[in-house]
Every structure is written in C-alpha cells, then in structure tokens.
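Structure record follows, encoded as structure tokens.
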Amino acid sequence: MAAAALAALAVVAPSGVRAEANARGKELFQLCAQCHGPEGAGNQLVLAPAIAGLPDWYIKAQLHNFKSGTRGTHPEDTGGLRMYPMSQTLKTDEDIQTMAAYVASLPARRAAPTLEGGDATRGAKFYQVCTACHGPDGNGNQAIGSPRLTGQADWYLLSTLQKLKAGIRGSYPNAVIMRGMAGTLSDEQAMRDVIAYIMTLSSQTAAIAK
C-alpha cells in the first residue's frame, strides 16, 4: 500500500513538492529515531518496535490513537506512555500524514528472533482464529484496520499479546476486539507458540521477496 501511495504521489505531485514532503517527513522522524532507530528497525531495550515499511494507513491510525489518548495512557503500558507525548509533537493531520508516508517509505527490516520455546506446529492451530482479520499469510487487512504481523519482532508480538490480554493496550476499537482474541491464548506458552508460527510466515514472506 505504501508503495502504491508513493507511486500515486509521484504521478500527481511535482518533484519539488515530493522532495519537500520527504524532507519534512525526515525532519519529523528525527524525534522517533531516538527510540525506533534512524532506519526504523526498532530497539527492544527501549520497547520500540520496528516500524520501517509499515503501511502508511496503519501508522496514521496508531499516531491518531496515541494523540487522542485512546492508546498510550494506561499506567502499565511503559512503551505507550513514551509514545503519547511524542505524538503530541505532531501538531496537524498533515504532519501525521507526512510522517506516516516517510516511515512507510523506509525499507522494511526483518528482526532477528529472540524468543525460545515456541512450538510452531501447535501455534498454527492457535493462529486459525487470527486468519479472519490478519489473513492466512499474516499480511493484515486495511479494510478492517488489521496490521501486518510478518516481519515484526517476536518480542514485540509477545509484549503486544500480553498487553491486549491484560487490557492495557488501549481503548480504540481494534484493541477492544483483540483483547477477546488474545484471551483465547490461555498462557504465555500459547502466545509463544502462535508467535513461533507467525515467524514461519515471516520467513516465507522474506523468501518470496528475494
């Protein structure tokens, strides 16, 4: 989606306008780079996920969620609490759109696995309930606001499932829906199993990309 959006922009916008928008996006991203890294590859030490190459529609949605306070305000959501004030530095919808387009244009970075003990075969069974929204390939669904799961760091997927199940991820609609979905995973072992399966989807996606 990001590539399509940028291609459309290239058709309708003069090169000077595109260069200005990209420069503005890069400027806005400097604050984000302190945690997510200059290439948007993420940093587990500061609980910052990989964001490079995420679809611009998803980035915009989450920035709006943070800015409105429907995400990132729960006292137990350490990473989210850092993002809430950061989102307030984006003063206008245009800033959010420009930031999202810039991040989406960054080359996606495949995170190295960090979790152990997950059973992908068992996880494949747990993942069946996820396919309705995230798709059998884990690439998400813009129509219902479901993000891509492939390519994301396993530690972040585990953290996200834990937050969703505990009800601290946020109060925006998809977080409320996902709390119920995360509740189908009885314990952390089940979470590790489904994540192990998602990591196999990530590997398949990477192989196709080559």
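Read the figures in this text as sums done on the coordinates, not as results from a lab. Keep in mind that what you see is a predicted model, and the values were worked out from it rather than measured. Here the Cβ is made from the backbone with ideal geometry for all residues, glycine too, and neighbour counts use every protein chain on show.
Multiplying the residue separation of Ala23 and Ala143 by 0.36 nm and subtracting their alpha-carbon distance yields 40.2 nm.
Within the chain, helices built from complete DSSP H runs that reach 24 Å or longer along their own axis (Cα positions) and carry a mean Kyte-Doolittle hydropathy of -1.0 or higher are 15-36, 188-209. Grab the beta carbon distance between Arg82 and Ile177, set R0 = 25 Å, and tell me the FRET efficiency rounded to 0.05. After rounding to 0.05, the efficiency reads 0.55.
Per-residue extension of 0.36 nm, minus the Cα-Cα distance of Val46 and Gln30, leaves a gain of 4.2 nm for this segment. State the number of lysine pairs found in the chain whose Cα atoms come within less than 24 Å, restricting to pairs 8 or more positions apart or on distinct chains. Lysine pairs, 8 or more places apart or on different chains, close enough: 11.
Of the Cα atoms belonging to the chain, the radius of gyration and Dmax stand at 17.0, 54 Å.
Annotation for Asp95 and Asp119: the two label points, set 7 Å from Cα along the Cα-Cβ direction, are 4.9 nm apart.
Between Ala112 and Thr184, 0.36 nm times their residue separation minus their Cα-Cα distance comes to what?
Details: separation 72, 0.36 × 72 = 25.92 nm, distance 2.68 nm.
Full extension of this stretch gives 23.2 nm more.
Around the Cα centre of the range 120-209, unit charges on the Cβ atoms of Lys, Arg, Asp and Glu (plus for the first two, minus for the last two) sum to a dipole of about 180 debye. Debye-formula intensities of the range 50-92, expressed as log10 I(q)/I(0) at q = 0.31 Å⁻¹, are -1.09 (one equal scatterer per alpha-carbon, no solvent). Taking amide H positions as modeled 1.01 Å from N, with prolines and chain starts lacking one, the residues under 5 Å from Ala48 and 5 or more places away or on another chain are Asn43.
Considering every alpha-carbon pair of the range 120-209, the percent of pairs per 10 Å bin, from zero through the bin containing the longest distance, is 17, 55, 25, 2.
How large is the dipole of the chain about the Cα centre if only Lys and Arg carry +1 and Asp and Glu carry -1, each at its Cβ, rounded to the nearest 20 debye? Let's see the in-between values first.
On the way: 19 positive and 16 negative charges, 26 e Å.
Once rounded to the nearest 20, the dipole reads 120 debye.
Dipole orientation for the chain: of the candidates Leu81, Thr114, Leu28, Leu28 has the Cα lying most toward the positive pole (charges on Cβ; Lys, Arg +1; Asp, Glu -1).
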